[in-house]
Amino acid sequence: MSGPLRSAEAASIPKDERLRITEIYASIQGESCFAGLRCVFVRLTGCNLRCTWCDSEFTFTGGTHRSIDEVVDEAMGYGIPVIEVTGGEPLAQRQCQTLLERLLARGATVLLETSGSLDISSVPKPVHVIMDLKPPDSGECDSNLMANLDHLQPHHEVKFVLASRRDYEWARDLVGSRNWPCEVLFSPVWDLVDPRLLVEWILEDGLDVRFQLQLHKVVWPVDSRGV
């Protein structure tokens, strides 16, 4: 597989043909309706949000400029059909659209993990959007671009990561306020909400949502990278 480019080589690549990448690795999918499946993760650098419970602050800065085609070659080189583009916030780099298109063209099943704070309307239609709406205790609730809800497709997913009863009630009320064309998932912030308690709330309110845990934090230490 190709490695990161030297700085001089990266500078020679046109801006429209390069991305800033934190890491690329193979693991299992820890969240979403694809949980448990083998997956390649392409983690882009940079994020426009600063959620209070963020577990990927290492993506905010740094990273390495890579050719989009080299990134695609490396991701496809694992021989795993499911590839997730994540961050940070991947849509903060406009070249992310090109990456998604080229992965699709190579026959990959492409997932996009996005906060929902940036417009998803131009994301290629076959991409499985996993939109992570931010509840109040994230500190970024006002950043949710609610117009994105009008662009959801049946193969998309909306995820609520909940840090408190207040977060749960906000998500519950939002879920009840509209018809959702796609799967809706509730998960607890690790070490802040007892998973059993969240399950009890869901059952008490009869919510038609999918409960999930971050499987990678069950399998590996919670602060592990590249898993």
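Please treat every number below as a calculation from the coordinates, not as lab data. Worth saying up front: this structure is predicted, and the values here are computed from it rather than measured. FYI the Cβ positions are ideal-geometry reconstructions off the backbone, even for glycines, and counts take in every protein chain you see.
Some points to look at:
- Over the chain: helical MRE at 222 nm, DSSP H runs n ≥ 4 each giving -39500 (n - 2.57), nearest 500: -6500 deg cm²/dmol
- The angle between the Cα long axis of helix 195-205 and the longest principal axis of the Cα atoms of the chain comes to about 60 degrees, rounded to the nearest 10.
- Applying D = kT/(6 pi eta Rh) to region 143-227, where Rh is the Kirkwood radius over alpha-carbon pairs, T corresponds to 37 °C and eta to 0.692 mPa s, the Stokes-Einstein value obtained is 233 µm²/s.
- Model label points for His151 and Ile80, set 7 angstrom from Cα along the Cα-to-Cβ axis, are 2.7 nm apart.
- Residues Cys141 and Phe211, FRET efficiency given R0 of 22 Å [Cβ-Cβ distance, rounded to 0.05]: 0.55
- Taking the DSSP bridge list for the chain and keeping only pairs wholly inside it, about 30 percent are antiparallel.
- Relative compactness, the chain, computed as alpha-carbon Rg over 2.2 N^0.38 Å: 1.01
- Note on region 7-219: Lys pairs 8 or more places apart or on different chains, Cα atoms under 26 Å apart, count 6.
- Of the residues Ala171, Ala105, Ala92, the one that moves most in a GNM of the chain with alpha-carbon contacts below 10 Å is Ala105.
- Rounded to the nearest 10 degrees, the inclination of helix 96-105 to the longest alpha-carbon principal axis of the chain is 80 degrees.
- Trypsin sites (Lys or Arg not before Pro) within region 71-155, DSSP loop, no more than 16 other Cβ atoms inside 10 Å: Arg94, Arg106
- When you filter the trypsin sites (Lys or Arg not before Pro) in region 4-92 for DSSP loop state and at most 14 other Cβ atoms inside 10 Å of their Cβ, you are left with Arg6, Arg50.
- Value of relative contact order over the chain, rounded to a whole percent, pairs C-alpha under 8 Å and six or more apart: 18 percent
- Unit charges at the beta carbon, dipole of the chain: most positive-side option, Val189, Tyr78, Asn48: Tyr78
- Full-stretch length increase - Asn179, Val218 - with 0.36 nm per residue and alpha-carbon distance subtracted: 10.8 nm
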